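Report on the following structure.
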Amino acid sequence: MSLLDITDLTVTYSTDSGTVHAVNDVSFSIDEGVNYGLAGESGSGKSTLAEAVLGLLPSNGSVESGSIEFQGRDLTGLSERERRDVLWEDIAYIPQSAMDSLDPVMSTGAQIRQAIQTHRNVTDDKARSRVRELFEIVGLDPDRIDDYPHEFSGGMRQRVTIAMALALEPDLIIADEPTTGLDVIVQDKIIDKILEIQDRMDSSLLLITHEIGVIAETCDELSILYGGKAMEQGSVDNVLVNPTNPYTMGLKNSFPEIEEGDQDPVSIPGSPPNLSEAPGACVFKDRCPFATEECEASHPDLVDLPNRNHRSACHHVTKAAQMRRDATDPETWGIPDSHDESDRGEVLLETDGLEKYYEQSQSLLEQLRGNDPNYVRAVDGVSLRVRRSEILGIAGESGCGKSTLGETIALLKQPTGGEFVFDGEPYEHYVDGNMREFRRKVQIIFQDPFDSLNPRQTVRQLVGEPLTIHDYRTDERERAIIETLEKVGLTPARKFLDQYPHQLSGGQRQRVAVAKALVLDPDFLICDEPASMLDVSLKVNLLNLLRELADTEDIGIVYISHDLASLVQVSDRLAIMYLGRVIEEGDVESIAAEPKHPYTTSLLAAAPEKDPTVDRDRVLLDGEPPNPVDLPSGCVFAPRCPKAEDACRENEPGLDTVRDGEHRAACYFPDGEIPADDPADDRSGSAYGNPEFSSPASGDSASD
Amino acid sequence: MSEFQRFLAKRLAISIVLTLVAVSVIFVVLRLLPGSPFESLVTAGNLSQQQITEIRAMYGLDQPMWRQYLSYLQSILLFQFGYSILRSQPVWGVLAPRLVNTLILLVPALVTTAVLSSLLGMYVGWNRGSKLEKLSIITTTFLRSTPVFITGILFVIVFAYNLELVPAFGMRSISASPEGYVETFASLDFLHHYILPFTVSVLYYSGDFLLLARNGVVEKRGSEFLKLHRAKGLSEMQQLARAGRNSMLPILTYFALRLGMIFQGLILLEVVFGWPGIGRELVLAIQQQDYPLVQAAVFIMALAVIVANLVADVLYAYFDPTVSTSGGGAA
Ligand SMILES: Nc1ncnc2c1ncn2[C@@H]1O[C@H](COP(=O)(O)OP(=O)(O)OP(=O)(O)O)[C@@H](O)[C@H]1O
Ligand code: SF4
Ligand code: SF4
Ligand SMILES: [Mg+2]
């Protein structure tokens, strides 16, 4: 008997503008001990399905028909009380956004204890020691169980939710995008952890994600959802290696792969289907290059493919092999083959040795004694240049200072040192009364769509707000808003104008945030993880959109992300950051092909592989980056570097230590090269470097 | 914790400056008023010019302005309020009982309403869209926006005159002549007089707390952490309790602020119910230009508001776990 049996499940939401058919006739089952993946674009109904299983649908959502059997019991028929007993004891849940899934005013340990004591009659002491044990299992310091959520980083909070899910050793864990928004290295560790533990406890896992790569590496079976319909399902090996459904093919092709470097990933053009009616035609027909009249007439049934664990819903499944071949060609999808590299224009932004130090708080006593305060060197001597039509990618794991760098060049934070020139004018010019102009020309798109959108404003107000503030295109306000919404793929734009952020899916929210930035036709765009909440296909759309803006509108773009794969795909040049410094910089192609710094190498290796037949060596970098207050002397990467030698710990290598044309790296023993004889000599490398870009390695004081 | 100490020091400094400003404003405004406290006595022919000059000298009113200001500052900051001009007894002796009367009426009322309306607010916020929600919001908003004397008079007419359940006026019966606070307040007669003004002030304050609590819960209701609480198998009431706990902060700070304002009394209420509180006393003192009394009363009121603000800030920083640690790390 299978553990979870979902049959013909249909879920709808009732809204002011009609019914939303979020999940339509989906069936699948999960056996004991199996990892099941659920993939699909934003808005395809993944979360809705999970919430239906857990009985967590919001009040306007309801299960229209179908059954959800868990260990033979139909969950849809349970009373509130019975359901509460099943939750957590049998089915646990790892929520989509760890950032705001923990109760901010309750210590993390207490929240886990609460989960235990709700279901088991145990003493506080026992529960506490269980929590310590769980912290240990997920790799958190057991002495921190009394800390509050805000004292943990995003990755650590996700570990807390995992610890919570494990507390009662449930039979089924439902993980909704457990790693979305975390950087690759943390993501890799978390997935590794989930698998390890789940293996030990022998529970089943329903893993929801839009990263096909993660599913390929971790799951046995999967379903691909689109428009609330299961398009293809079966064993991971079959479905991902030999997809038979055009949607799966498109999804797989749009997952960028680092090796393919500059080859354009094939995205699926168009936007997700309108869910206001139950599907009459194939839900994918509007975007499917293989659609025929037959597809208009009805949505295809899922049919078993002979002799293997593989089902697909497509009228043309018999022509799968042919479609597979065509699908790799961008022209099939109506995308012009490759864009011509437009010339990169004049330098728009330039920084030299830019610094942003934060003073650490001191006690009154220390202040009275006049001790020098400590500084957190969030950005420590960064020299950058961005031209018009150029996309500069900035990569690095969380906490390396990339967001601070973004905010500093957006002048949202005051630099504490170094030079800054934008559009030919220095920092002082803008601070001196020209901030408004700067704010219009430079837009920043933030990481977290929840934080950056006011929940009480409609999309129209949100996107229109910058127009009012800057008195820009006010006479044709509505048109500007609609144009921009369409530019970012929120079509039909009118449908979204009066919606509030909470009525949009995570992906749609992020696109509103992008529209807000684009509505002022800026010259320069700073994107801080704009795509971390988006699924692959939307991510590719966004990346293509940025690329297009850079090429056609002469915008300079800084793209900050931990996701190297998308950086490689969108950027012209890359800068890799570690602890506030740029440790490698150069053209995308040469960094992707021949990383020189060991840190870059490990970042590249942490990206998941979408082909389930390839076995990837996980590179689990030891530990976390050191405390940015107490930096080790010498190379800051040395404590985690597999190649570190004594020489590395003596002097800090400058960015010009290795130099190959434009490609530079701060390492004495670069990868793919014979080690330099005497590292100390190489330190003076800037002597033959470009003086404008002299080594930023030594940050002196925090003087302004 | 040093961040917190620094914060505390800053707040304290601000409060001290505010107090100085308030005290000075009182001084200046009172001197700007036309006439003097002795004028009425002079016109009534009770005092000769000679006597007035003597009295003025006794009160220091013949000194230059800056000297008056300095000695005023010195004594008021040491809580030496001097003598009431018209009542010829120490100001503190006049004010203290009135202040106690006001506090004994309003503090319990405020606490009661803060607890009850917040709970109700949380409940209706959780059951958003219910009839109870609409009803409670409309009622409390109505009570909040109607001047308190209208509600008061209405209650007096219904409960005192028509139903004759409670007395309409005063704090004790005319026949009672209690000595000291204990005798005054610990009696059934007092309770009898107490119940009506108490109820009216509870209703008057209820709207703000109800809305604050409701909005807090409504805002928290769709949040991700509540979804996780639900997934853990917490019951409705437990979830509501968490939502409530998460919206406590604004309520707590608002409570502290209100507590400060209570020292001003509710003048209209005191007039309607003949309650011998500080608000009524202040009005009388202003009419009679009794400088020392007015100064002291206004000073106490301002000080209470300033202290309450300080307490509110500190409470906020203390109870919000995200405020007390230092911010400003790397990205
Ligand atoms: N509370 C709601 N009210 C109305 N419509 C909703 C609600 N929640 C979700 N929807 C709609 O239901 C559809 C499916 O949403 P769902 O959140 O399940 O998508 P998802 O696949 O999880 O997307 P993502 O990858 O962005 O998280 C979307 O069209 C969404 O707009
Ligand atoms: S049924 Fe038609 S439209 Fe749908 S996926 Fe197959 S070919 Fe495309
Ligand atoms: S300089 Fe040394 S420690 Fe630093 S990255 Fe290179 S090999 Fe590693
Ligand atoms: Mg989702």
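Coordinate-derived values only; no laboratory data. Since we're looking at a predicted model, the values are computed, not measured. FYI the Cβ positions are ideal-geometry reconstructions off the backbone, even for glycines, and counts take in every protein chain you see.
Descriptive notes on the structure:
- Sparsely packed chymotrypsin sites (Phe, Trp or Tyr not before Pro) within the stretch B:236-299, loop by DSSP, other Cβ within 10 Å at most 16: none
- The Cα center of the stretch A:483-528 and the Cα center of the stretch A:110-131 differ in position by 44 Å.
- Length-normalised contact order of chain B in % [C-alpha pairs under 8 Å, at least 6 apart]: 29
- Relative intensity, log₁₀ I(q)/I(0), of the stretch A:347-582 from a Debye sum that treats every alpha carbon as a point, q = 0.10, 0.11 Å⁻¹: -0.49, -0.58
- Residues of type lysines that residue A:487 reaches as a straight line, Cα spacing below 21 Å, ignoring anything fewer than 8 places off in the same chain: A:441, A:495, A:516, A:539
- Within 10 Å of each Cβ in B:220-227, the average number of Cβ atoms from other chains: 6
- Taking the stretch B:103-231 and dividing mean pair separation by its residue count, relative contact order in percent (alpha carbons under 8 Å, at least six apart): 48
- Rounded FRET efficiency, nearest 0.05, which uses the C-beta distance separating residue A:468 from residue A:432 and R0 of 35 Å: 0.90
- In this structure, the amide hydrogen of residue A:138, modeled 1.01 Å from its nitrogen in the peptide plane, lies closer than 5 angstrom to no residue at least 5 positions away or on a different chain.
- Percentage relative contact order, the stretch A:347-582, counting C-alpha pairs under 8 Å, at least six apart: 32
- Average beta carbon contacts from partner chains per residue of A:84-91, 10 Å cutoff: 3
- One Cα centroid belongs to the stretch A:453-474, the other to the stretch A:388-405; the line between them spans 27 Å.
- Normalised by 2.2 N^0.38 Å, where N is the number of residues, the alpha-carbon radius of gyration of chain B equals 1.23.
- Inter-label distance for residue A:7 and residue A:477, nm, one decimal - labels placed 7 Å from Cα along Cα-to-Cβ: 5.5
- At full extension, residue B:14 and residue B:77 could sit 21.1 nm farther apart than now, given 0.36 nm per residue minus the alpha carbon distance.
- Inverting the pair-averaged 1/r between distinct Cα atoms of the stretch B:173-331 gives 19.6 Å as its Kirkwood hydrodynamic radius.
- Multiplying the residue separation of residue B:24 and residue B:112 by 0.36 nm and subtracting their alpha-carbon distance yields 28.1 nm.
- In plain terms, the bigger the Kirkwood radius, the slower the diffusion; for the stretch A:136-196, with that radius from Cα pairs, at 4 °C and 1.567 mPa s, Stokes-Einstein puts D at 107 µm²/s.
- Peptide A:102-113 - average C-beta neighbours from other chains (10 Å radius): 4
- Extending 7 Å from the Cα toward the beta-carbon at both residue A:169 and residue B:287 defines two label points whose distance is 8.1 nm.
- For the pair residue B:5 and residue A:297, a Förster radius of 60 Å applied to the C-beta separation gives a FRET efficiency near 0.25, rounded to the nearest 0.05.
- Antiparallel DSSP beta bridges within the protein assembly as shown, percent to nearest 5: 60
- Using a Förster distance of 25 Å, the FRET efficiency for residue A:286-residue A:64 (Cβ separation, nearest 0.05): 0.55
- Projected over every direction and averaged, the convex hull enclosing the alpha-carbon atoms of the protein assembly as shown yields 52.9 nm².
- In sequence order, calculated HN-Hα J values of the stretch A:29-37 (Karplus, 6.51, -1.76, 1.60; Hz; x Gly/Pro): 9, 10, 7, 4, x, 9, 9, 10, x
- Phi-derived couplings, Karplus 6.51 cos²θ - 1.76 cosθ + 1.60 at θ = phi - 60°, listed residue by residue for the stretch B:10-19: 4, 4, 4, 4, 4, 4, 5, 4, 4, 4 Hz, with x used for Gly and Pro.
- Size of charge dipole - the protein assembly as shown - debye, nearest 20, with Cβ of Lys, Arg +1 and Asp, Glu -1, no other charges: 6200
- In chain B, helices alone account for a calculated mean residue ellipticity at 222 nm of -24000 deg cm²/dmol, with every DSSP H run of four or more residues adding -39,500 (n - 2.57).
- Point-to-point label distance, residue B:161-residue B:33, nm (Cα→Cβ direction, 7 Å offset): 3.3
- Distant-in-sequence amide H partners of residue A:394 (H built 1.01 Å from N, under 5 Å): A:559, A:560, A:561, A:575
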